[in-house]
Amino acid sequence: MNAFSQTISVALSLVADGDAALWQIVALSLRVSGTAVLLGAALGLLLGGWLAVARFAGQGLVVGALTTLLALPSVVVGLVVYLLLSRSGPLGSLGILFTPTAMVIAQSILVVPLIAALARQLVVDALREGGDELQAMGAGRLLSALLLLAHQRIAVLTVLLTAFGRAVAEVGAVMIVGGNIDGFTRVMTTSIALETSKGDLPLALALGLVLLGVVGLLNLTLAMAQRRAAAGGVAALGAARGAAV
């Protein structure tokens, strides 16, 4: 058995046998990224909806800046959060640098522009298709935007899953603010980088396989939700036609 096939075999064994260290890392990764997306969604959906309906001087510049932030490198986010949370920083007294909390903050900042930009586009498209009827019925601009987002549940789910994929697969920010501490702040991506540099290729590959599995499961969940929504739409259309006859 050559080195490549042996590495794959050992990696698969680690996943199948439920290696404690591996699954502890996976659990922390999912917890950090999941929490970050929830926090990012609370701000991003609100910001995106507001930008879609607000009218103010310089709005184009704000939207342009938001779009630019989509390409913001994760290491830059990590550096900014590090400077804020370091002992000499303005938030250093919190003492949360090199903790999972700091990692959540960094990933939340990373996904907010993505969620906000996509949410804004969803609302803009909905308004073009007649969604402005809500405002005609007396709903305020922001409330109308949030109602439109609530109506487009599958599209919003797509946005959130996309954000989760971005968060769980990034390495720079969590490496900087988390410190990659074994058993405390070590997540899948930072572990892959570390174990590869140490030469522990089976563990690195096992974590990579799990990471791919998580992303694949997200895509499967999204596909099932889209199919269910499409089936529901077809059934509703058939019922409407039947009632009309």
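Quick note: the coordinates plus some simple rules give every number you see, no bench work behind them. Source: prediction; values computed, not measured. With ideal geometry, Cβ positions are generated from the backbone for all residues, glycine too; neighbour counts draw on all protein chains shown.
Values computed for the structure shown
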{"item": "Compactness index (Cα Rg / 2.2 N^0.38 Å), the stretch 26-79", "result": "1.43"}
{"item": "Nearest-ten-degree value, helix 188-198 long axis tilted from longest Cα axis of the chain", "result": "30 degrees"}
{"item": "Relative packing of peptides 154-160, 174-180, 214-220, 192-198 - highest average C-beta neighbours within 10 Å first", "result": "174-180, 154-160, 192-198, 214-220"}
{"item": "Sequence-distant residues sharing a close amide H with LEU72 (under 5 Å, placed H)", "result": "none"}
{"item": "Theoretical gain in end-to-end length, THR68 to ILE8 [0.36 nm per residue, Cα-Cα removed]", "result": "17.6 nm"}
{"item": "Rounded to 10°, Cα long-axis angle of helix 153-169 versus longest principal axis of the chain", "result": "20 degrees"}
{"item": "q = 0.17, 0.22 Å⁻¹, the stretch 88-198: log10 I(q)/I(0) [Debye, one scatterer per Cα]", "result": "-0.84, -1.09"}
{"item": "Radius 13 Å from Cβ of VAL77, net charge of other residues (Lys, Arg +1; Asp, Glu -1)", "result": "0"}
{"item": "Rounded to whole Hz, the Karplus (6.51, -1.76, 1.60) HN-Hα couplings of the stretch 59-67, x for glycine and proline", "result": "4, x, 5, 5, 5, x, 5, 4, 5"}
{"item": "For the stretch 15-26, Karplus couplings with θ = phi - 60° (6.51, -1.76, 1.60), whole Hz, Gly/Pro x", "result": "5, 5, 7, x, 3, 4, 5, 4, 6, 5, 5, 4"}
{"item": "Per-selection metrics, the stretch 1-55 (Cα): Rg and Dmax in Å", "result": "20.4, 66"}
{"item": "37 °C / 0.692 mPa s Stokes-Einstein diffusion coefficient of the chain, Kirkwood radius on C-alpha pairs, µm²/s", "result": "162 µm²/s"}
{"item": "Expected 222 nm ellipticity per residue - DSSP helices of 4 or more, -39500 (n - 2.57), all of the chain, to 500", "result": "-26500 deg cm²/dmol"}
{"item": "Cα-Cα separations in the stretch 65-114 greater than 18 Å, expressed as whole percent", "result": "30 percent"}
{"item": "Principal semi-axes in Å for the stretch 1-146 [√(5λ), Cα gyration tensor, largest first]", "result": "39, 22, 15"}
{"item": "Between helix 201-244 and the chain: long-axis angle, C-alpha atoms, 0 to 90°, nearest 10", "result": "20 degrees"}
